Structures are given as structure tokens and as C-alpha cells.
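Student: Below: one structure in C-alpha cells.
The values are calculated or read from the model by the stated rules, or taken from the named source; none is laboratory data. In this text, all values refer to a predicted model and were calculated from it rather than measured experimentally. Counting neighbours? That spans all protein chains shown, and the Cβs are built from the backbone with ideal geometry, glycine included. Areas reflect the complete protein model, heavy atoms only, side chains present, ligands, DNA and RNA absent. Shrake-Rupley method; radii C 1.70, N 1.55, O 1.52, S 1.80 Å.
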Amino acid sequence: GTIPGYKTLHGPADGMVVKFSSAGVPQWSNQHGGDGGDVDYSVAVTRGGQIVVGGLTDGAWSGYANAGSVDVYVARLTPDGTTVTARQAGTAGEDGNTQFGVGIALSGSTRVVMTSSTEGRVWGHEQAGMVDAFVAVFPTP
């Protein structure tokens, strides 16, 4: 069948969140991303029903430039599936990859804690190895 809200891709691949009823019927979908390939890896829901997704992109989301080969992103959606805003961050190296993905958790209603991997210098910290793990806290987008 078709998924409500499906539209033309923003880039070669987009992230997508779909809400299903308790009977398994799609209620709405949100397709999101920038001009590159975007893959959602994590999702969390706030007490107020807002949806926060975390993922990887090799492109640029609106208002951002890609910092390297792959960046991480966090996007916030309303309970009805409308994208409110997003943040994109990265280093000159590859940040996150399909092996390690991206993990997110909510810290209250104003912060997102993200963990992933990087091959670059993360916000002024020296690299410890070829691929390092990082934990970052972002304001909820």
C-alpha cells in the first residue's frame, strides 16, 4: 500500500517517521532530510508527544553545510508529524557510520544527548584513535 505523506525525495535517500494506529494502519508519515542521503537511526518521544529523531547525512540540511563526508543530525517533529526544526553537526572526518549508527536520549524537555562515532576532531578534542566514540549534548532542536 501507500504511506500517507510520501513525497519526492529531498536527496538520494530521506529519513522517514510513520505513525501507526493500534490496528497497524498508517496515520501519518514525515519524510525529511537534506540534499544528500539521510538515514534515521534513533527516535525518542517527549512527554508532550513531540518526536525527536537522530541520524546521519552525507548532504546538507536547510541552513547547514556539511562539515565532512558524513555528519550527524537531530530533528524534532510535532505530535502530528510536522518537522519543526533540525540541527546538523560534524567534523572534517566521517561522523557516525552504518556500523555504529547514532543513539539519542532526551534529557528533560530541552536537551538531546547523542552518541556516535567520528574520524575527526570533535569540537576541539584530540582524536584518540582511527575511529572514536563521542557523546554530545544539543539543545532540543
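Student: Tell me the residue from 33, 124 that is on the phi > 0 side of the Ramachandran plot and open to solvent by less than 50 Å² (accessible area, probe 1.4 Å), please.
Tutor: 33
Student: Can you tell me which residue is farthest from residue 66 (Cα to Cα) among those in the stretch 90-99 that are of a type outside the set (Gly, Ala, Ser) and not in a strand (DSSP E or B)?
Tutor: Looking at the filtered set, the residue picked out is 99.
Student: Kindly list the number of the only condition in (1) surrounded by 15 or more Cβ atoms within 10 Å (Cβ to Cβ); (2) closer than 23 Å to residue 28 by Cα; (3) modelled with pLDDT of 90 or more that fails for residue 45.
Tutor: Here residue 45 clears every test but (1).
Student: I'm told residue 104 meets every condition in (1) of a type outside the set (Ser, Thr, Tyr); (2) out of contact with any Leu (no Cβ under 9 Å at 6 or more places or on another chain); (3) modelled with pLDDT under 90; (4) at negative phi except one. Can you identify the failing condition by its number?
Tutor: (3)
Student: Tell me whether the stretch 127-141 contains one or more residues that are touching a Phe, Trp or Tyr at 6+ places or on another chain (Cβ under 7 Å) and in contact (Cβ under 8 Å) with a residue 12 or more places away in the chain. Write out each step before concluding.
Tutor: Step one: filter the stretch 127-141 for residues touching a Phe, Trp or Tyr at 6+ places or on another chain (Cβ under 7 Å), giving none.
Checked the stretch 127-141: no residue is touching a Phe, Trp or Tyr at 6+ places or on another chain (Cβ under 7 Å) and in contact (Cβ under 8 Å) with a residue 12 or more places away in the chain.
Student: Going residue by residue through the stretch 90-97, is there one that turns out to be of a type in the set (Ser, Thr, Tyr) and under 26 Å from residue 18 (Cβ atoms)?
Tutor: No: zero hits.
Student: Okay, next question. Testing residue 54 on (1) without any contact (Cβ under 8 Å) to a residue 60 or more places away in the chain; (2) on the phi < 0 side of the Ramachandran plot; (3) of a type in the set (Gly, Ala, Ser), one condition comes back false. Which one is that?
Tutor: Tallying (1) without any contact (Cβ under 8 Å) to a residue 60 or more places away in the chain; (2) on the phi < 0 side of the Ramachandran plot; (3) of a type in the set (Gly, Ala, Ser), residue 54 fails exactly one: (1).
Student: In the stretch 105-121, what residues are under 20 Å from residue 140 (Cβ atoms) and either open to solvent by 30 Å² or more (accessible area, probe 1.4 Å) or of a type in the set (Ser, Thr, Tyr) (or both)? Can you show your working first?
Tutor: The first filter runs over the stretch 105-121 and keeps only residues under 20 Å from residue 140 (Cβ atoms), leaving 105-116.
105, 106, 107, 108, 109, 110, 111, 113, 115, 116 - these are the residues of the stretch 105-121 that are under 20 Å from residue 140 (Cβ atoms) and either open to solvent by 30 Å² or more (accessible area, probe 1.4 Å) or of a type in the set (Ser, Thr, Tyr) (or both).
Student: From the list 72, 84, which one is modelled with pLDDT of 90 or more, within 16 Å of residue 141 (Cα to Cα) and in contact with a Ser or Thr (Cβ under 7 Å, 6 or more places away or on another chain)?
Tutor: 72
Student: Do you know which residues across the stretch 64-91 are open to solvent by less than 20 Å² (accessible area, probe 1.4 Å) and touching a Leu at 6+ places or on another chain (Cβ under 9 Å)?
Tutor: Residues satisfying the conditions are 71, 72, 73.
Student: Continuing with the same structure: For residue 29, are the conditions met, namely being among the polar types (S, T, N, Q) and more than 16 Å from the chain's Cα centre (by Cα)?
Tutor: Numbers: among the polar types (S, T, N, Q): yes; more than 16 Å from the chain's Cα centre (by Cα): no.
No: the conditions fail for residue 29.
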